[in-house]
Amino acid sequence: MNQLTEPSFSKAEFGDNFVWGVATAAFQIEGAARTDGRAPSIWDTFCEKEGAIADGSDVLIACDHYNRLEEDLNHIAGLGVNAYRFSVSWSRVQPRGDGPWNEKGFDFYDRLISGLEQRGIQAHLTLFHWDLPQALDDRGGWLNDEAMDCFVVYAQEICRRFGHRLASICTFNEPWVISILGYEQGVFAPGIKDRSVAMQVAHNILVTHGRAMRAIREVTPDLSAGIVLNMSPIYPASDDPADVEKAKIDDGLIVRWYMDAIYHGRYPADVITYLGADGPMIKETDMTDISEPVDFVGVNYYTRNFSSTGNPWDVTSTGNQVTDMGWEVYPDGLCELLCRLNDDYNVGKLMVTENGAAFKDVLEDGQINDIERQSYIQSHISATLEARHRGVPVEGYFVWSLLDNFEWASGYEKRFGIIHVDYESLERTPKASSLWLTEYLSGES
Ligand code: FCB
């Protein structure tokens, strides 16, 4: 078996009500991109752009989850988790993001939720995991008030149909990634490189989030609703005051921009000054909309970051392990982040909605002994427990990801799954990390 030292945590210490889950996103696993009336999203379009995806791949098949739903539900159940986080492909249930609904699309999510119910697994639904219907983007996307209104209608329709069967709903997954990687750096869909556009998108998404929260409450007042943010502690790369200042601004852009707006109804003043003319246009009621109370914030944590005004930070310089994404393994950062969110924002409830790692897997004799991923997950579960010991109301932990999948601009080259996917045969093979998780969740670890 493995060489790890005993993990310094016990499942019992999390209590019986803790949410243990695995997470996925529609675009990354479903495939069936042109089946049963689904229309393209901005990510389908982005895949067609020369050089946009590292391995030139697309999601016509992906993990073929759409056609292998029952098998995948059995895998989820086999893990012993009590929760599953998934997203809805908006252009599957409403091809143009506006106008007619696609019943076949809803049927798929109905089957998915029924399958979870039959297996006693909670459904945690994300409304938007980056796949904006292309038809809406053609009309200006997140820069157009119409798209914002359409999202609210979509959110209400999902709640009307499924709300009573969900354990939680989240409006947006990682607005920082959507806006900065998609509209400032241009490395994610839709591939725009303009900071002022990016900040306007970041703002409009937050406004849309707040309005959707209100709309969700109208339809399903008892449903736990929130937003998922990617966050990490940010340190200056050196004592140089310029690096210290940069770290503060970067923290402002990634953490405080979203948390201050949602919890305090204002953007951080230092970031507004820093952005200058690139700052967003803010309408009178926007900040009231954004600060509509949330039931929880989902935290997606993978690594910490260093800010430097000179040479880019050398990720190997700490001597810590680095994943296949080039991300430092730093579990203490998760505990630090959770504690900080609790101290600064008095958050009612947090959930770790994504945490996991890509490593190069070797399939040997039909087995994948992914000891590094297993140890990554263990150390971050341990960090989550430490945060709970320190009084932070973190009430769930979801592994990213159930399956190897389409890792956005990296294509299929980066594998985050605790279950291996052979992209030729589409065969699923549980990795050692998933076998360990099952054992841990059974309480026998
Ligand atoms: C997060 C995304 C998720 C996955 C992981 C590795 O930013 O939410 O879809 O790609 O990173």
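The values are calculated or read from the model by the stated rules, or taken from the named source; none is laboratory data. Since the structure is predicted, the reported quantities are computational estimates derived from the model, not experimental observations. FYI the Cβ positions are ideal-geometry reconstructions off the backbone, even for glycines, and counts take in every protein chain you see.
Summary of computed values
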{"read-out": "Test: Phe128 is at pLDDT 95 or above and within 19 Å of the chain's Cα centre (by Cα)", "value": "yes"}
{"read-out": "Residues that are hydroxyl-bearing (Ser, Thr, Tyr) and over 22 Å from Asp422 (Cβ atoms), drawn from segment 39-83", "value": "Ser41, Thr45"}
{"read-out": "Strands (runs of 3 or more DSSP E) contained entirely in segment 276-355, each with at least 2 residues that are closer than 29 Å to Asp240 by Cα", "value": "305-307"}
{"read-out": "Residue that is touching a His at 6+ places or on another chain (Cβ under 9 Å) and either within 16 Å of the ligand (Cβ to nearest atom) or over 17 Å from Ala83 (Cα atoms) (or both), where the choices are Leu341, Leu385, Leu426, Leu334", "value": "Leu334"}
{"read-out": "Selection from segment 114-130 of residues that are touching a helix residue (DSSP H, G or I) at 6+ places or on another chain (Cβ under 6 Å) and either free of Cβ contacts under 8 Å to residues at least 40 places away in the same chain or surrounded by fewer than 19 Cβ atoms within 10 Å (Cβ to Cβ) (or both)", "value": "Arg119"}
{"read-out": "Pairs with Cβ under 6 Å, 6+ apart, first in segment 1-29 and in a loop (DSSP other than H, G, I, E, B), second within 16 Å of the ligand (Cβ to nearest atom) and modelled with pLDDT of 80 or more", "value": "Thr24/Phe86; Thr24/Ser401; Thr24/Leu402; Ala25/Ser87; Ala25/His129"}
{"read-out": "Among the candidates Tyr397, Tyr423, residue that is of a type in the set (Ser, Thr, Tyr) and touching a helix residue (DSSP H, G or I) at 6+ places or on another chain (Cβ under 7 Å)", "value": "Tyr397"}
{"read-out": "Every residue from segment 193-246 that is among the aliphatic types (A, V, I, L, M), away from the ligand (no atom under 16 Å from the Cβ) and more than 21 Å from Gly279 (Cβ to Cβ)", "value": "Ala212, Met213, Ala215, Ile216, Val219, Leu223, Ala225, Ala237, Ala242, Val244"}
{"read-out": "Of all residues making up segment 57-97, the number that are assigned to a helix (DSSP H, G or I), surrounded by 21 or more Cβ atoms within 10 Å (Cβ to Cβ) and aliphatic (A, V, I, L, M)", "value": "3"}
{"read-out": "Hits in segment 361-378 (condition: outside any loop (DSSP other than H, G, I, E, B) and surrounded by fewer than 21 Cβ atoms within 10 Å (Cβ to Cβ))", "value": "Leu363, Glu364, Gln367, Ile371, Glu372"}
{"read-out": "Residues satisfying the stated conditions in segment 145-191, i.e. of a type in the set (Gly, Ala, Ser), part of a helix (DSSP H, G or I) and away from the ligand (no atom under 14 Å from the Cβ)", "value": "Ala147, Ala155, Gly163"}
{"read-out": "Residues within segment 396-416 that are within 8 Å of the ligand (Cβ to nearest atom), touching a Gly at 6+ places or on another chain (Cβ under 7 Å) and aromatic (Phe, Trp, Tyr), tallied", "value": "2"}
{"read-out": "Residue within segment 349-359 that is surrounded by fewer than 18 Cβ atoms within 10 Å (Cβ to Cβ) and without any contact (Cβ under 8 Å) to a residue 40 or more places away in the chain present", "value": "no"}
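Condition check ((1) touching a strand residue (DSSP E or B) at 6+ places or on another chain (Cβ under 8 Å); (2) closer than 20 Å to Val299 by Cβ) across all residues:
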{"residue": "Ile180", "(1), (2)": "no, yes"}
{"residue": "Gln185", "(1), (2)": "no, no"}
{"residue": "Ile192", "(1), (2)": "no, no"}
{"residue": "Ala202", "(1), (2)": "no, yes"}
{"residue": "Ile205", "(1), (2)": "yes, yes"}
{"residue": "Gly210", "(1), (2)": "no, yes"}
{"residue": "Arg214", "(1), (2)": "no, no"}
{"residue": "Ala225", "(1), (2)": "yes, yes"}
{"residue": "Asn230", "(1), (2)": "yes, yes"}
